[in-house]
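Colleague: Below is the structure I would like to discuss, written out as structure tokens.
None of the figures in this text is laboratory data; all of them are computed from the coordinates on show. Keep in mind it's a predicted model, so treat the numbers as computed, not measured. Neighbour counts run over all protein chains shown; Cβ positions are idealised from the backbone, glycine included.
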Amino acid sequence: MKKALVLGASGGMGYALVNELISRGTQVIAFARSEQKLKNLYEERQGVTIKIGDVFNLQDIVSAADSVDVIFQAANIPYPDWKEKLVPFIGNVLKTAEIQKTKLVLIENIYAYGRSPGVKVTENTLKRPHTKKGKIRLEVENLVKQSSVPTTIVHFPDFYGPNAENTLLHFTLKDAIRNKKAMFVGDQTIAREFIYTPDGARTAVNLAMHENAYGQNFNISGYDVIAGKEIIQIIRELSKYNKSVSTISKNHFRLLGIFNAGMREMVEMFYLNEEPVVLDGTKYEKEIGPLPRTSYREGLKQTIAYMNSKN
């Protein structure tokens, strides 16, 4: 893989993908709509070309994908836009891959699986989404499967890591590192799964480099499950944070949703904090190799260091 396009390069997983790709000597086109964010992240990085564009504009993506071998789709759009815009956007990505004759790595979440079956979820687990967002994600997956574009779909649990700002753990970390009263989303005693974005990026790039991975789905598990109270204790030990951490419940999101459409949309997915879906990474390990597994302590240490460097 000599050249790759990363859509959503200003986000958490996009940032990790760019870093992983350039560490392997791949030339990277870093695509996002915010020129300032891209410049802040990559302006002096060797091997990275910044490309400003709109993910909803087919020609912008086609232009950015010129001469690339693989497109990594890691762009996110706001929840309120999913119903009208997510499927057409992915359609543009697929059209781009067809026009430019590239492969595609699609970064996906766990929404399409629906409620937890009570055991770890494999690639063979039947997808039964019960939410609007889960059904849209399944529609995206079906659209990809109907396409002729060589695609590997990579399902991840919730992210955390450097530059991963639109995440549940960032919501807690941003106040903790400033020694302000922080909040944690969901019951702090329930163990759930998160993935450190550099680990996720490594697996996605590994898959991109294996011809047999295309046409398949892969579930990528995190280091392990961990309860919120354990995460908070690690944060305290790493940052000397000593203030109380309150719990954000579903009702809090309902209340905030009266004034904020994004918060209102989060209520639907709150079940994942109560009945966590945990992924089984066995298929990847059998077909590709050992999963990279950064401990939560080390991952949080690196994330906090990155956040402190930006303050």
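Colleague: Could you list which residues have their amide H under 5 Å from that of L279, counting only those 5 or more apart in sequence or on another chain, with H placed in the peptide plane?
Modeller: Here V121, G222 satisfy the definition.
Colleague: I'd like the FRET efficiency for E275 and E298, computed as 1/(1 + (r/R0)^6) with the beta carbon distance as r and R0 of 41 Å, rounded to 0.05.
Modeller: Once the sixth-power term is evaluated, E becomes 0.90.
Colleague: Can you give the Kirkwood hydrodynamic radius of region 162-242 from its Cα pairs, in Å with one decimal?
Modeller: Computed over Cα pairs of region 162-242, the Kirkwood hydrodynamic radius comes out at 14.6 Å.
Colleague: Given a Förster distance of 25 Å, report the FRET efficiency between N124 and A227 from their Cβ-Cβ distance, rounded to the nearest 0.05.
Modeller: 0.35
Colleague: Right, here's the next one. Within 10 Å of each residue's Cβ, count the other Cβ atoms and sort S34, S309 from fewest upward.
Modeller: S309, S34
Colleague: Compute log10 of I(q)/I(0) for region 73-161 with the Debye formula, placing one identical point scatterer on every Cα and leaving out solvent, at q = 0.26 Å⁻¹, to two decimals.
Modeller: After summing over all Cα pairs, the log10 values are -1.47.
Colleague: For the chain, with the dipole built from +1 on Lys and Arg beta-carbon atoms and -1 on Asp and Glu ones, taken about the Cα centre, which of L143, V121, Q36 lies farthest toward the positive end?
Modeller: The one lying farthest along the dipole's positive direction is Q36.
Colleague: Distance from a point 7 Å along Cα→Cβ of Y306 to each backbone N in region 214-230: keep the residues under 19 Å and list them by number.
Modeller: Correct set: 220-224.
Colleague: Ok, one more. Would you mind checking which residues have amide H under 5 Å from N109's amide H? H placed 1.01 Å from N; only 5 or more apart, or other chain.
Modeller: Residues meeting the criterion, in which the H sits 1.01 Å from N, are F156.
Colleague: Here's a follow-up. Let me spell out the model: positive unit charges on the Cβ of Lys and Arg, negative unit charges on the Cβ of Asp and Glu, origin at the Cα centre of the chain. What dipole size does that give, in debye rounded to 20?
Modeller: That gives the chain a dipole magnitude of about 620 debye.
Colleague: Scale the Cα Rg of region 167-311 by the rule-of-thumb value 2.2 N^0.38 Å and send over the ratio, two decimals.
Modeller: 1.17
Colleague: How do S67, S244 line up, fewest other C-beta atoms within 10 Å first?
Modeller: Final ranking by Cβ density, sparse to dense: S244, S67.
Colleague: What is the diffusion coefficient of region 1-143 in µm²/s, taking the Kirkwood radius over Cα pairs and the Stokes-Einstein relation at 37 °C with a viscosity of 0.692 mPa s?
Modeller: 206 µm²/s
Colleague: For the chain, what is the percent of antiparallel DSSP beta bridges, rounded to the nearest 5?
Modeller: 10 percent
Colleague: Cα-Cα over 20 Å: which of K120/K250; K132/K174; K181/K229; K174/K243?
Modeller: In this structure, K120/K250; K132/K174 exceed 20 Å between Cα atoms.
Colleague: Between Q27 and residues 5 or more places away or on another chain, which pairs have amide H atoms under 5 Å apart, with H built 1.01 Å from N, and which residues are they?
Modeller: Result for Q27 returns K3, A4.
Colleague: If you don't mind, another one. Let me make sure I get this right: for region 1-70, a, b and c are the square roots of the gyration tensor eigenvalues over alpha carbons, sorted descending. Under 1.5 in a/c it's rounded, otherwise prolate if a/b > b/c, else oblate. Which is it?
Modeller: Oblate, since a/c reaches 1.5 and b/c is not below a/b.
Colleague: Averaged across orientations, what area in nm² does the convex hull of the alpha carbons in region 110-246 project?
Modeller: So the Cα hull casts an average projection of 9.5 nm².
Colleague: May I pose another question? Just how large is the dipole of region 191-308 about the Cα centre, in debye to the nearest 20, putting +1 at every Lys and Arg Cβ and -1 at every Asp and Glu Cβ?
Modeller: Magnitude of the dipole: close to 560 debye.
Colleague: So for H210, H155, fewest C-beta neighbours within 10 Å to most, what's the order?
Modeller: H210, H155
Colleague: Give me the tail of P(r) for the chain as a percent: Cα-Cα pairs with distance above 34 Å.
Modeller: Result for the distance tail: 18 percent.
Colleague: Could you work out the helix-only [θ] at 222 nm for the chain, with each DSSP H run of four or more residues adding -39,500 (n - 2.57) and the total divided by the number of residues, to the nearest 500 deg cm²/dmol?
Modeller: My calculation for the chain gives -12000 deg cm²/dmol from helical runs alone.
Colleague: Would you list which aspartates and glutamates come within 17 Å of K283, measuring only between C-alpha atoms, while excluding same-chain residues fewer than 8 positions from it?
Modeller: Filter leaves E108, E123, D199, E211, D224.
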